[in-house]
């Protein structure tokens, strides 16, 4: 397993648990959210968020290195693995949305 010093510096020492990541750009910052493989069958997938302010060394120097390491980890899987990951994410989202809809319907019944 290759060494990932930038991820380790962020506290992510077990690179085998990283499943995927998302970037969100805002006016003055970029937020990186890293998702970890479910280790204990938790109802929600564990994730870590990191914010990088634009026009800083962390954004212009460190972030590209971090993304390179993440790409090395997350793009290594087969397309079947990625497809299964998306299916799993959709199923979790369906469960969360179904529970929330039921909760809202129950709230409506209580106030009616």
Checklist entry - Across every pair of different alpha-carbon atoms, what Kirkwood hydrodynamic radius in Å does the chain reach? => result 16.3
Checklist entry - Do you know the relative contact order of the chain, to the nearest whole percent, from alpha carbon pairs under 8 angstrom that are 6+ apart? => result 19
Checklist entry - Say a paramagnetic label sat at a point 7 Å from the Cα of residue 17, along Cα to Cβ; which residues of segment 84-99 have their backbone N under 14 Å from it? => result none
Item to check | Highest to lowest packing among 68-75, 93-100, scored as the average C-beta count within 10 Å | outcome: 68-75, 93-100
Checklist entry - How far is helix 63-74 tilted off the main Cα axis of the chain, in degrees rounded to 10, range 0 to 90? => result 70
Checklist entry - For helix 79-111, what angle does its Cα long axis make with the longest principal axis of the chain, in degrees from 0 to 90 and rounded to 10? => result 40
Checklist entry - When the label point is put 7 Å from the Cα of residue 47 along its Cα-to-beta-carbon vector, which residues of segment 66-99 have a backbone N closer than 13 Å? => result 89-90, 92-93
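Values in this text are rule-based calculations from the coordinates and carry no lab data. Note that the structure is predicted; figures quoted are calculated from it, not measured. Using ideal geometry, Cβ is built from the backbone for each residue, glycine included, and neighbour counts are taken over all protein chains shown.
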